[in-house]
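To keep things clear, I will list the structure first and then write my remarks on it.
Each reported figure results from applying straightforward, stated rules to the coordinates on display, with no laboratory input. Keep in mind it's a predicted model, so treat the numbers as computed, not measured. Counting neighbours? That spans all protein chains shown, and the Cβs are built from the backbone with ideal geometry, glycine included.
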Amino acid sequence: MTTRNTLVAAALGFACLASFGRADASQGDAGEQAPSNAPCRLGNGAGRIEHVIYIQFDNTHLLRDRREVPSDLEQMPHLLNFIRENGTLLANDHTVLISHTAGGILSTLTGVYPDRHGQTVSNSYVRTSPTGGFSFPSSFGYWTDPVSGAIPNMVTPEGVNAPAPWVPFTRAGCDVGAIAAANIVLENTGTGPNGDATKVFGNPSPQFSEAVASNAAPGGTARRAKAQTDFVGIAVHCAKGSSVCATGHADTLPAEPGGYSGFQGLFGAQEINPVLTGGPTLLDLDGKAIADPFGQPGFPGFDGMEATVSLAYVAAMQEKDASSRRRWRARRTRGR
């Protein structure tokens, strides 16, 4: 089971969500992939929004806990100055209770308090069985993962799977990239009936076989870490027809209100890094290869999601979108 430790601001632990711009695509002149409909649009009129970048800090204090010690925000002067000069700071924010990583991230993603998205107590909780037994499920599981039988981990008071937060974006024609954000990326490499590798990649599949071999390897080895490095922690949920997810997998949300069919997704660095860079490796903002503790390119683990890593993925996603649109426009111009 994948676990997270709470990352304090000094470690700059980030969960990120980024919407790519134009997503819908069809065959253009000379076989080029070209946008067929309007681009990703969130909002109305001339002031429409085509890109959204959402960054969540885990355990960050805006004010000083001790008068003589600078607050977490004060210790990030570039961010503080940006807010002062260009942004807005909302002080009327009510922390969810109990204030833990999963509850905070999931409440922000869904817009509802924990009693409405299923993780009333996190980062794990106690569950009793009909026979009186106890279990301690983790709050961290992919959005559609069940906790017991058909009961979703992300469950509403009505007993159904909570609506997924990327759906409004993908329905609006946007591709949504997620980096280490709770439950909208794969959280484990399980190969049982409800394991993420089984549900997303299927059995048989090369990814499923890799997960089986990785999970069987001795603990503390590169082989044991390989499946998590390749599949966990990073995802792209695509709009219909997006060329980004042309080689992806079905993005399945069987209980989504209004239905959700025909959407694709990419899961893990093994699939996403080549889309962003053309190869298996992405460099962080310091120019270092992003890799796991064994030097294998890919997801460095949730505790490895420092600012230089998470923001590098966000930047790469935005730059990929801008570069693709520039190339398509240039080719269309030459073809006229």
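Observations on the model:
- Cα-centred dipole magnitude for the stretch 191-262, charges only on beta-carbon of K, R (+1) and D, E (-1), debye, nearest 20: 180
- Sorting the Cα pairs of the stretch 115-187 by distance into bins of 5 Å, from 0 upward, gives 3, 15, 22, 25, 17, 10, 4, 2, 1, 0 percent per bin.
- Sum of side-chain charges, Gly195 neighbourhood, beta-carbon under 14 Å (Lys, Arg +1; Asp, Glu -1): -3
- For the stretch 201-245 versus the stretch 68-140, the spacing of their alpha-carbon centroids is 27 Å.
- Mean projected area in nm² (Cα convex hull; one quarter of hull surface) for the stretch 218-270: 4.8
- Protection proxy ranking of 182-193, 255-266, 140-151, 85-96 - average other beta-carbon atoms within 10 Å, highest first: 182-193, 140-151, 255-266, 85-96
- With only the Cα atoms considered, the stretch 260-320 has a convex hull volume of 105 Å³ per residue.
- Summing Lys and Arg as +1 and Asp and Glu as -1 over all other residues whose Cβ lies under 15 Å from the Cβ of Pro257 gives a net charge of 0.
- Where Rh is the Kirkwood radius over Cα pairs, Rg/Rh for the stretch 40-111: 1.04
- Distant alpha-carbon pairs in the stretch 168-291 (separation over 18 angstrom), percent: 55
- Reachable lysines from Lys288, criterion Cα separation under 26 angstrom, eight or more residues apart if same chain: Lys226, Lys320
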